[in-house]
Amino acid sequence: MRILRYIVLLSPLLLALSHVHAQSAVQGTIFREDSIPAAGITVLNKRTQSAVISDEQGHYQLNARKGDTLLLKALGFVPLLYIVSKDRTTVTHQLQSQPLELKAINIIQYNYLRDSMRLRQEFRREFDFRRPR
């Protein structure tokens, strides 16, 4: 009877440990297309929603299982998906740059004096205060 009680009490613990053991640390290095290490790249495990950011040398380390999908993304780079395989725990990624195109703006000279006079007249028209007689 005692042995059965210990088995019942320890079985959830053993199951939890086997679940934790199934995850392994995936580590990698991220490079830009010109072979320079890429710092500040977000690496997201899509299954667990846990994320890390690569350091100055482009290195990262993240817990993942076999078959998990890692999403590598940063501003100015094309997002990259990587599926974790059991036999590779150290990987190297190369991100392609994606130039950002900003909308054009026009810079014009502004006549502050004319604008100030127009606003003053508008203000006077809207808020013309006269004392009651």
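For residues that are surrounded by 14 or more Cβ atoms within 10 Å (Cβ to Cβ) and either assigned to a strand (DSSP E or B) or of a type in the set (Asp, Glu) (or both), tally how many sit in segment 19-58.
14
How many residues are surrounded by fewer than 17 Cβ atoms within 10 Å (Cβ to Cβ), under 18 Å from Glu33 (Cβ atoms) and more than 12 Å from the chain's Cα centre (by Cα) if we restrict to segment 60-84?
Qualifying residue count for the region: 3.
What single numbered condition from (1) part of a loop (DSSP other than H, G, I, E, B); (2) more than 19 Å from Val26 (Cα to Cα) fails to hold for Ser85?
All conditions pass for Ser85, except number (2).
Report the residue count in segment 87-133 for those that are of a type in the set (Lys, Arg) and exposed (fewer than 10 other Cβ atoms within 10 Å of the Cβ).
Number satisfying all stated conditions: 6.
Restricting the search to segment 59-76, which residues are part of a strand (DSSP E or B) and either more than 27 Å from Ser24 (Cα to Cα) or β-branched (Val, Ile, Thr) (or both)?
Thr69
Under the condition of being assigned to a helix (DSSP H, G or I) and of a type in the set (Ser, Thr, Tyr), which residue from segment 93-133 is modelled with the lowest pLDDT?
Filtering segment 93-133 for residues that are assigned to a helix (DSSP H, G or I) and of a type in the set (Ser, Thr, Tyr), the one modelled with the lowest pLDDT comes out as Tyr112.
Which of the residues belonging to segment 25-55 are of a type in the set (Gly, Ala, Ser) and touching a Gly at 6+ places or on another chain (Cβ under 8 Å)?
Ala38, Ala39, Ser54
The values are calculated or read from the model by the stated rules, or taken from the named source; none is laboratory data. Keep in mind the model is a prediction, meaning the values are calculated, not measured. Glycine also receives a Cβ, built like all others from the backbone with ideal geometry; neighbour counts cover every protein chain displayed.
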